[in-house]
Amino acid sequence: MFFISLFESNLKVKNFAKKIIYYHSTNSTNDDIWNLYSEKNESSIVVITDNQTNGRGRSNNIWFSKPGYGITCSFLLKEIFPREQFNLHAILIPVAVIKGIKNFLSVDLSIKWPNDIMYKNKKLAGILIESKISKANDKTIFNIGLGINVNEGYVDFPLELQEKSISLKEIKGHPIQREPLLASIFNELDLLINTLDTSTLIASWMDYCSHKDAKVEFLNNNKSINGIFKCINQKGQAVINYNNEYIEYDGAINIV
């Protein structure tokens with residue numbers, strides 16, 4: 001069981017996560033968040049569960065989580081960056097996750113575009129970001145789903161994921177306490193929001209990027225082409241070199 005009191009005792013945030021809700025089991029924490037937001041119009045909710053039965057990832061993928069072993073939660077975050085820098089929200093979250101994990105466990109991780117958390121080419125955590133425009137102030141509200149493999153073992157993952165996924169327990173060699181770990185991530189995100197600097201944030205993302213100057217496959221004018229991933233720009237878009245032309249891109253990318 002995820003102990004909310006232990007989580008709260010380690011939490012030091014001011015910008016979000018003011019109301020924490022725990023469900024022993026639920027279909028989807030992202031769906032729960034939207035339902036609660038519609039019912040109560042509260043924009044600072046966190047939903048945490050030990051058993052998510054129908055979690056979703058990016059591109060309609062299913063997010064696997066073994067009950068009671070990982071971290072599965074969703075939280076609301078108000079618009080931070082101007083509308084023209086909308087994509088930077090997807091850059092902010094993985095940087096906070098990596099910094100929070102490193103502060104707690106001294107583990108070096110990397111980011112695969114735009115926000116998959118990796119350890120030596122294996123996926124450790126996934127982030128799903130959904131958004132809506134608030135009717136009250138025309139500002140964007142973000143629903144951020146976070147799934148982290150914490151205490152799973154190799155055999156706990158489905159066969160098709162065993163060679164692609166890894167947990168913090170496998171990396172460190174011992175079980176990890178989930179509550180202070182999640183608090184460390186939230187505390188780091190709050191600190192990043194408080195000291196927000198776009199250039200520093202982008203530099204941090206690039207420091208963690210696992211595929212700088214790597215060949216990538218992406219869609220351009222509905223055609224699949226290959227280019228070289230160079231960096232991200234001030235809008236949070238990927239910049240890809242294709243035949244010496246620099247294309248700004250915010251869609252899905254495959255590492256070739």
Please verify whether G100 is out of contact with any Ser or Thr (no Cβ under 8 Å at 6 or more places or on another chain) and either buried (at least 17 other Cβ atoms within 10 Å of the Cβ) or not basic (K, R) (or both), treating the condition exactly as stated.
no
Answer yes or no as to whether K132 is over 28 Å from V216 (Cα atoms), open to solvent by 10 Å² or more (accessible area, probe 1.4 Å), in a strand (DSSP E or B) and out of contact with any His (no Cβ under 9 Å at 6 or more places or on another chain).
yes
Only one of (1) open to solvent by less than 60 Å² (accessible area, probe 1.4 Å); (2) over 22 Å from the mean Cα position of the chain (by Cα) is not met by C209, so which one is it?
(2)
Reported set for segment 92-120 where residues are part of a loop (DSSP other than H, G, I, E, B) and in contact (Cβ under 8 Å) with a residue 24 or more places away in the chain is V107, L109, W113, P114, N115, K120
Give me the pairs: first residue in segment 32-52 and among the charged types (D, E, K, R), second residue in a helix (DSSP H, G or I), beta-carbon distance under 9 Å, and six or more apart or on different chains, which are they?
E42/L36
Within segment 20-40, track down each residue that is within 20 Å of A136 (Cα to Cα) and open to solvent by 40 Å² or more (accessible area, probe 1.4 Å).
N35, S38, E39, K40
Quick check on my filter: what residues within segment 29-79 are among the hydrophobic types (A, V, I, L, M, F, W, C) and in a loop (DSSP other than H, G, I, E, B)?
W63, F64
Need a quick list: helices (runs of 4 or more DSSP H) entirely within segment 146-256 having at least 3 residues that are more than 25 Å from K122 (Cβ to Cβ).
178-194, 198-208
Unmet criterion (only one of (1) open to solvent by 10 Å² or more (accessible area, probe 1.4 Å); (2) under 21 Å from D250 (Cα atoms); (3) modelled with pLDDT of 95 or more) for E170:
(2)
Evaluate segment 58-80: report whether one residue or more is open to solvent by less than 20 Å² (accessible area, probe 1.4 Å), modelled with pLDDT of 95 or more and more than 20 Å from N115 (Cβ to Cβ).
no
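The values are calculated or read from the model by the stated rules, or taken from the named source; none is laboratory data. Since we're looking at a predicted model, the values are computed, not measured. Neighbour counts are summed over all protein chains in view; Cβ atoms, including those assigned to glycine, are modelled from backbone coordinates with ideal geometry. All accessible areas refer to the heavy atoms of the entire protein, side chains included, with ligands and DNA or RNA removed. Shrake-Rupley method; radii C 1.70, N 1.55, O 1.52, S 1.80 Å.
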